[in-house]
Amino acid sequence: MAFDPEQLKKALIGKKIVTAASWTGFLDEAKKKREAVEDLLIDKKIIDEEKLTQIASAFFDVEYVDLKKMGQIPKEVLLLVPEPIARRHEVIAFGKEKDKLNLGMTDPNDLETRDAIKKKTDLQVIPFLVSRSSLEHGLKQYHTSLEAEFAKIVSKQEKGELTDSASVTEKLKEMAEEIPVVRVVDTLLEYAIFEKASDIHIEPQEKEVMVRYRIDGVLHDVMTLPKVIQPALIARIKVISNLRIDEHRLPQDGRFKVQKDEYNISFRVSVIPVFDGEKVVMRLLDESTKALTLEELGFIHRNYEVIVRNVKKPHGALLVTGPTGSGKSTTLYTILSMLNTKAVNISTIEDPIEYRIEGINQMQVNPKIGLTFAMGLRSLLRQDPNIIMIGEIRDSETAEEAVHAGLTGHVVLSTLHTNNSAGALPRLLDIGVEPYLIASTVNAVVGQRLTRQVCQDCREEIKIEPEYESDLKKEYNIDHLLEVMKREKFIPPKTKSLTELTFYRGAGCDKCGHSGYRGRKGIFEVLEVSLSIQDLIMKRAPTSQIQDKAIEEGMIMMWQDGFIKCIQGKTTIEEVVRVSKDQ
């Protein structure tokens, strides 16, 4: 569990494991390496993990247990806490007596997880302290328990000879309806929703199947399943997604919904063949989420003003750029919601339709029957629209139709895959759009990324060291950053260094899973197409020239917007560096 350094110092000096003098050296070294001092002590073999856990047990008055010295945990007890929750929150159920559940935890002070398990099991939770290696030993039992269950299913299905493909398909359908298979898939979905994951990855390996959740933009291992489950697991997902069970060689896409009183989640499913089987990725889309405002997304005042000014123009295009999963669709839907009034006709063509918006006409592309973005857009233009949203500009035909729509009195919103906002304009040239069409139709381009947000429950102030600022100067123009922040009135006019400013980090608490982060916020750059930038487009200028001119005219770069979010306490410098490496 996470020690406060002063508590740990007191405990270790009391046990004569370290001296007061050596402790200072260990603490300084841990700060330089940016790791917990207890991890440093274990790495240096000053103390082993189990001994440290025993000391923590005595110090915090919580009973200690070593799962490595215990026998097999009864399956009915182990499964009281599903594996995704056990792995994510570092807990394991190992014993049950009447209405009491013995729960091994690396952090017994995690009251939120204890309460959630108490509600789920209707049992009184008795916490025990376990080390991480001890916990990992216990978690392996999920694998062996499932393996035994699925071995029985497979054995039952294999009693008859499987001679033709129809027979194999029927057997897979039967396996997909078996209770253990249904339970595993339901558990994966339920706890992905509980953890607010954006994606579920099911990845077949040579000897096992890995399940990972993307939470706040970062992938986390949540389950390791036995290889024997793979055919039944994939078959079950295909059944609920209305995909072909007998197709294993071609990619397939589908979707399904999970609706309950407290949520309404749509799952987009992608299945592709890989070396060890079929990989599944499911994107979670919360259809019950209320529309946000641009300010809530994280647009600071200058960027907000540029967007509002340009979407109020009677015609022209606004493009949103960024990699997959950077929140482009959310930004477009927010702008659509802002423009959605009874006085205008808004139509969209999307692949897929991610969120339903009342009052907007939304069309789903279907390449199998020839309904492409370009064809759908031509049809929409005959529907008397004021505002058109195109899910993505992928090819020259769609791009040509989009810019012509912008020329003929329509407001066009769309996305494009480029690294930054300036790169969108040369990208349209590469696709084959004429420079004069781009210059006369594109009003503004938004570039964006998502950063993890500092947990507001355990947020603490920090100052950065001069050495760290020197490292940042090797990658970023910090002097220009300070000028921008002064110009936009985020810092005092006399500020000369980042070391004078207050930044923030999450100390780690129960609500953020001790990661220091909870939720995500966007960082943005908004390029307004001025007359001088139109001239550069006509000259087919490269991205760098367009970007330099936009900066000269006042554009705040994405990484600069990130640093502004840092001093506002919304994210950390490490997060901004992580997501803006290519800026």
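The values are calculated or read from the model by the stated rules, or taken from the named source; none is laboratory data. Given the structure is predicted, the values throughout are model-derived calculations rather than measurements. Counting neighbours? That spans all protein chains shown, and the Cβs are built from the backbone with ideal geometry, glycine included. Just the protein is used for accessible areas: all its heavy atoms, side chains included, with ligands, DNA and RNA removed. Shrake-Rupley method; radii C 1.70, N 1.55, O 1.52, S 1.80 Å.
Apply 1/(1 + (r/R0)^6) to the Cβ-Cβ distance of K75 and D48, taking R0 = 35 Å, and write down the FRET efficiency to the nearest 0.05.
That pair, K75 with D48, gives E of 0.70.
Specify which residue in the list I564, I202, P542 is farthest towards the positive end of the charge dipole of the chain, using unit charges on the beta carbon of Lys, Arg (+1) and Asp, Glu (-1), about the Cα centre.
The listed residue farthest towards the positive side: I564.
Using Stokes-Einstein with the Kirkwood hydrodynamic radius over Cα pairs, what translational diffusion coefficient do you get for segment 162-286 at 25 °C and a viscosity of 0.890 mPa s, in µm²/s rounded to a whole number?
In µm²/s, the coefficient rounds to 166.
If you roll a 1.4 Å probe over the heavy atoms of the protein chains, what accessible area per residue do you get for the chain, in Å²?
That works out to 48 Å² for each residue.
If I compute solvent accessible area with a 1.4 Å probe over the protein chains, what percent of it on the chain is carbon and sulfur?
49 percent
Grab the DSSP H runs of the chain that are 4 residues or longer, score each as -39,500 (n - 2.57), total them, divide by all residues and round the 222 nm result to the nearest 500 deg cm²/dmol.
Rounded to the nearest 500, it is -12500 deg cm²/dmol.
Go through the chain and flag any cysteine with no other cysteine's C-beta closer than 4.7 Å, please.
Here C566 come out as lacking a disulfide-compatible partner, given the Cβ-Cβ threshold of under 4.7 Å.
By its C-alpha gyration tensor, with a ≥ b ≥ c as the square roots of the eigenvalues, how is segment 1-145 shaped: rounded for a/c under 1.5, else prolate for a/b larger than b/c, else oblate?
It comes out prolate by the Cα gyration axes.
Taking a ≥ b ≥ c as the square roots of the Cα gyration tensor eigenvalues, with a/c under 1.5 meaning rounded and otherwise prolate when a/b beats b/c, else oblate, which class fits segment 279-394?
oblate
Please state the relative contact order of the chain as a whole percent: Cα pairs under 8 Å, 6+ residues apart?
10 percent
Within 10 Å of each candidate Cβ there may be at most 10 other Cβ atoms; applying that plus a DSSP loop requirement, which chymotrypsin sites (Phe, Trp or Tyr not before Pro) in segment 239-316 survive?
Answer by residue number: F275.
Please give me, ordered by residue number, the GluC sites (Glu not before Pro) of segment 301-365 that lie in loop per DSSP and have at most 14 other Cβ atoms within 10 Å.
E358
Would you mind working out the magnitude of the charge dipole of the chain relative to its Cα centre, with +1 at each Lys and Arg C-beta and -1 at each Asp and Glu C-beta, to the nearest 20 Debye?
It comes to approximately 460 debye.
Considering only DSSP states other than H, G, I, E and B, which GluC sites (Glu not before Pro) in segment 1-66 qualify as loop sites with at most 13 other Cβ atoms within 10 Å?
E35, E63
Need one number: % antiparallel among DSSP beta bridges in the chain, to the nearest 5.
Around 65 percent antiparallel, to the nearest 5.
Tell me, what ³J(HN,Hα) does each residue in segment 270-280 have, in order and in whole Hz, if you take phi through Karplus 6.51 cos²θ - 1.76 cosθ + 1.60 with θ = phi - 60° and put x for Gly and Pro?
The phi angles translate into 10, 10, 10, x, 10, 4, 9, x, 10, 9, 10 Hz.
Cut-off under 16 Å on the C-alpha distance; same-chain residues fewer than 8 positions from K279 excluded. Which lysines are left, in chain and number order?
Output for K279: K207, K227, K238.
Go through V37, A21, L8 and say which Cα lies farthest out towards the positive end of the charge dipole of segment 1-47; charges sit on Cβ, +1 for Lys and Arg, -1 for Asp and Glu.
My answer, from the dipole projection, is A21.
Output the relative contact order of segment 294-580, whole-number percent, from Cα pairs under 8 angstrom with separation of 6+ residues.
Taking the mean separation of contacting Cα pairs over the length of segment 294-580, I get 22 percent.
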